Amino acid sequence: MLRGFFLFVLLVSFDQLNGQALDAQVIQERFRLQVTKSETPILIDGNFTEAVWKKAPAADSFYLKYPTDVGKPKKRTTIQVCYDSRFIYFAITAYDSGKALIQSLKRDIGHDGNDAVGITLDPANEKTNGFFFTINAYNAQSEDLLKIGDEMPTWSWDNKWFSATQRFGDRWTAEIAIPFKTLRYAADKLIWGINFVRTDAKSNEYSTWTPVPVNFMSMNMGFTGALVWKEPPPPAGTNWVFLPYLTGGTSQDKENNVPAKGTFNGGFDGKLALTSALNLDITVNPDFSQIEVDQQVTNLTRFNIFLPERRTFFLENDDLFSDYGIPPIRPFYSRRIGLDPDGNRIPIIGGARVTGNITPTTRIGFMNMQTGVKGNYRPENYMAASVSKRLLKRSVVRGYFLNRENFISAGEKQLNPLSAFGRNAGMDFNFINNNGEWSVWGAYNHSFKKNITSDNQYFNGGFQYNRRKFSIVHDMGKVGTNYYTDMGFVARIENYDADRDTTIRLGFRQLYNNITYRIFPENKKVVQHVMQLTTFIVVNPNNSHNETNLEARYDITFRNASGLSVVSTHNRVDLLFPTAFTSGKPIPAARYDFQQYEVRYYSDYRKPVNFSLRAAGGEFYNGHYNSFRASLGIRHQPHVNIALQAEYNKIQLPGEYGSTELILLAPRFEINFNTQLFWTTFVQYNTQRNNFNINSRLQYRFQPMSDLFVVYTDNYFILPVWQNRNRAVVFKLNYWFN
């Protein structure tokens, strides 16, 4: 223990000597960009012919961000900013040579892997919440909300803004107009936080206007420069959106003996800015038929897996509700809304959500959703409330309350009181220093169920230290056996006893540690070496051992965008209940020690044809397993993307415990006719789920944020005989009014 502490101190001290990030205040003193007022209208065409572009100052000296944060990028970028009474404008010139490289023409493709430029905007200049807009060289737009921390964008936030690009022999240009009413800001704020991100895919380089250390995300708000206003920006004005939809089609459900029938439906979403920083969202009879299906995976664990939310209504500002806890323990998990315990869809009648800032340092969220009746499943009401208060410079204290109420009869409530309602409340504190290098957190969560008054809490706390070469994460938590999350997700609290065919709830304590060390060689072929050591320990409520995983990982990233990973994992599991992984006899409750290995290689994604290969194997409880995964990507820029994925897993257990082979095939075909018309087909063959699925979607964006979708979906049983389960053809038309 003492030796480990001294090693930690030594590594931190050594890391402190290897580059200190600039203080956020120093950055804004050094990097200042004046926004210029335009006296004439700006035509968004990518040509910069207006007089204002001849006099507006430019941000034109960028710093290398990736693959190293030392030096200057190979390609130059210049960005100017101006405004009028309705818009803030950006003129971007990305000097280049040769053909631009992009991944897709679809909206929300993001900037990674594309020749693109991103704009980080923090109008409050508080470094806790902001906006990120990106445009690639073929004018594919993406946007998202930024929050405190350093997480990948999800591209879940949508709003209307305007852009145009032009491509020339030595550069490409982009002209952008963002409506002020799209942004949330105080009218008297004369300094906004701002930064720019240039991705030069052909050179495999990221660069930023202000220096951002390589261990942080490019859009991290802790490193924004200053956008300076000579006079207050124009009032944002009232931002309202009315988004009605019509949907119809035909469906047939042979699995449940439901004959083919036609359907026709309608509803709407609405958005209204209550203040410059507070929004109201309303949905009536929402329809999510246009949402892409989940990407299926093979699950070789003993517990359920966490699937991401894809429904747009639940994604905007979702951090106000879904960031409590840690993965895979989340008090709030929006996928539970509109689904029964078996995962079947329950109709949502409607809902409302209020999110945003009520003061410069206080952010709130309130959501209420009402579901309808389906079969014997009764209506339910879901309510979520959250408040977040910023302390110090970037630290946050938060609290929440969740309530699920089931409208079942009094007799049913007496028969199963756990079904009547479920309530959760909690709070946490997250300290982050000004540059985001240190963060410390702690949380308390409490659940409420009828007649349950003990062992119904969840605690967790930890810290993270993140520097250029060295980082460490430590987290520990305790989940009580009676901690229920009717609107949440806890991966391992329910344990399946295969002999008795029943599920047993059992709380646990867990300890997670990760140490990462990075080496940046002065080598033209290698970008970095990354070495990681991860430990995960689970203890039962009686302090007996449950599970330990020790993982050692080595990653090498090459300058040509290819990479190699090698992983070794040692597992010790004290299995509490008999568990079946095959159709044979369940393996008994006992202690199992087993070692596993994995090797993965991925090729240069920039090539028209690229691939990745993964091989894994070793011991598996009292037997062995082998796993192979391969993917092939084919791209004909900018219109065609084909991704072929295949996975094979084989579990071999001794004697009567049996063996099994699991196959997953998932080809995906995407045709981008232009930035308005897309056709995507996703096929999935999964023997573990005994399902073959086809999902084909045509999307026509005939106006900004207004779409026509035509979707065909078909599902089949694979075993024992090939048989249709259900199929549907639907269309959806929505129009964005504002």
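The values are calculated or read from the model by the stated rules, or taken from the named source; none is laboratory data. Every value quoted in this text rests on a predicted model; they were computed, and no experiment measured them. Positions of Cβ are backbone-derived with ideal geometry, glycine not excepted, and every protein chain shown enters the neighbour counts. These accessible areas exclude ligands, DNA and RNA; they are computed on the full protein's heavy atoms, side chains included. Shrake-Rupley method; radii C 1.70, N 1.55, O 1.52, S 1.80 Å.
Calculated mean residue ellipticity at 222 nm for the chain: -1500 deg cm²/dmol, from DSSP H runs with n ≥ 4 weighted as -39500 (n - 2.57), summed, divided by the residue count and rounded to 500.
When the Cα gyration tensor is reduced to axis lengths a ≥ b ≥ c, the ratio a/c is 1.5 or higher for segment 424-534, and with a/b not above b/c it is classed as oblate.
Using only side-chain charges placed at the Cβ, +1 for Lys and Arg and -1 for Asp and Glu, the dipole size of the chain relative to its Cα centre rounds to 660 debye. Against the chain, whose longest principal axis comes from its Cα atoms, helix 2-16 is set at around 20 degrees.
Dividing the convex hull volume of the Cα atoms of segment 561-699 by its residue count, what figure in Å³ per residue is obtained? Before the final figure, lay out the partial values.
Numbers: hull volume 17.0 nm³, N = 139.
So the per-residue Cα hull volume is 122 Å³.
Look at where the Cα atoms of segment 484-502 and of segment 438-462 average out, and the two centres are 18 Å apart.
Determine the order of His111, His624, His570 by accessible area, beginning with the largest, at a probe radius of 1.4 Å.
His624, His570, His111
Counting only Cα atoms, segment 694-738 measures 53, 11, 11 Å along its principal axes, largest extent leading. Cross-link pairs exceeding 29 Å in C-alpha to C-alpha distance, out of Lys469/Lys525; Lys147/Lys181; Lys147/Lys525, comprise Lys147/Lys525.
Annotation: Leu665 carries an accessible surface of approximately 70 Å², with a 1.4 Å probe and no ligand, DNA or RNA atoms counted. For segment 680-689, putting each phi into the Karplus relation 6.51 cos²θ - 1.76 cosθ + 1.60 with θ = phi - 60° gives couplings of 10, 10, 10, 10, 9, 10, 10, 6, 5, 8 Hz, in residue order, rounded to whole numbers and with x for Gly and Pro.
Debye-formula intensities of segment 226-287, expressed as log10 I(q)/I(0) at q = 0.13, 0.18 Å⁻¹, are -0.60, -0.80 (one equal scatterer per alpha-carbon, no solvent).
Quick check for you: which residues of segment 61-95 have the amide N under 16 Å from the point 7 Å beyond the Cα of Val530 toward its beta carbon? Counting only backbone N, you get 65-69. Shown here is the pair-distance distribution of segment 599-667: with all Cα-Cα distances grouped in 10 Å bins from zero up to the longest one, the shares run 19, 37, 24, 13, 6, 1 percent.
On a 1.4 Å probe surface of the protein chains, which of Ile358, Ile408, Ile337 comes out largest in accessible area, and what is the full order? Numbers along the way, then the final one.
Values: Ile358 95, Ile408 30, Ile337 0 Å².
Output order, biggest surface exposure first: Ile358, Ile408, Ile337.
Over the Cα atoms of segment 472-580, Rg to Rh with Kirkwood Rh, two decimal places? Taking Rh as the inverse mean 1/r over Cα pairs, Rg/Rh reads 1.14.
Quick one: P(r) of segment 582-624 from all Cα-Cα pairs, 10 Å bins, percents rounded to integers, in order of increasing distance. All Cα pairs considered, the percentages come to 21, 30, 22, 16, 10, 0.
Considering all alpha-carbon pairs of the chain, what whole percent are spaced by more than 49 angstrom? It works out to 16 percent of all Cα pairs. Straight-line reach from Lys106: which lysines fall under 19 Å, measuring Cα to Cα and dropping same-chain residues less than 8 apart? Leaving aside lysines fewer than 8 places away in the same chain, those within reach of Lys106 are Lys160, Lys732. Taken along the Cα-to-beta-carbon direction at a fixed 7 Å, the label points for Thr359 and Val683 span 5.9 nm. Surface exposure of the chain, expressed per residue as accessible area with a 1.4 Å probe, stands at 44 Å².
Report the Cα centroid-to-centroid distance between segment 635-692 and segment 355-375 in angstrom, as an integer. The distance from the Cα centre of segment 635-692 to that of segment 355-375 comes to 36 Å. Only Cα sites of segment 364-432 enter the Debye sum here, all with the same form factor; the resulting log10 I(q)/I(0) across q = 0.13, 0.17, 0.19, 0.22 1/Å is -0.52, -0.70, -0.79, -0.92, listed in q order. Compute the signed sum of charges (Lys and Arg +1, Asp and Glu -1) over the other residues within less than 13 Å, Cβ to Cβ, of Leu190. Cβ neighbours under 13 Å give a net charge of +1. For segment 285-343, just say rounded, prolate or oblate: build the C-alpha gyration tensor, square-root its eigenvalues into a ≥ b ≥ c, call rounded for a/c under 1.5, and beyond that prolate if a/b exceeds b/c, oblate if not. Here segment 285-343 falls in the oblate category.
Is the C-alpha gyration tensor of segment 52-166 telling us rounded, prolate or oblate? Criteria: a/c under 1.5 is rounded; beyond that, a/b larger than b/c is prolate, otherwise oblate. Don't jump to the answer; show the numbers that get you there.
Values: a/c = 1.19, a/b = 1.08, b/c = 1.10.
Rounded shape, in that the Cα axes give a/c under 1.5.
Each principal axis of the Cα cloud of segment 269-421 was taken in turn, and the coordinate range along them, longest first, works out to 48, 38, 36 Å. Taking θ as phi - 60° and the Karplus parameters 6.51, -1.76 and 1.60, the scalar couplings of segment 343-356 work out to x, 7, 5, 10, x, 9, 6, x, x, 9, 8, 10, 9, x Hz in sequence order, x denoting glycine and proline. In segment 536-633, Rg over Rh equals 1.12, where Rg is the alpha-carbon radius of gyration and Rh the Kirkwood radius from pairwise Cα distances.
Converting phi to 3J(HN,Hα) with the Karplus coefficients 6.51, -1.76 and 1.60 and the offset θ = phi - 60°, segment 359-366 yields 9, x, 10, 10, 10, 10, x, 9 Hz in sequence order, with x at every glycine or proline.
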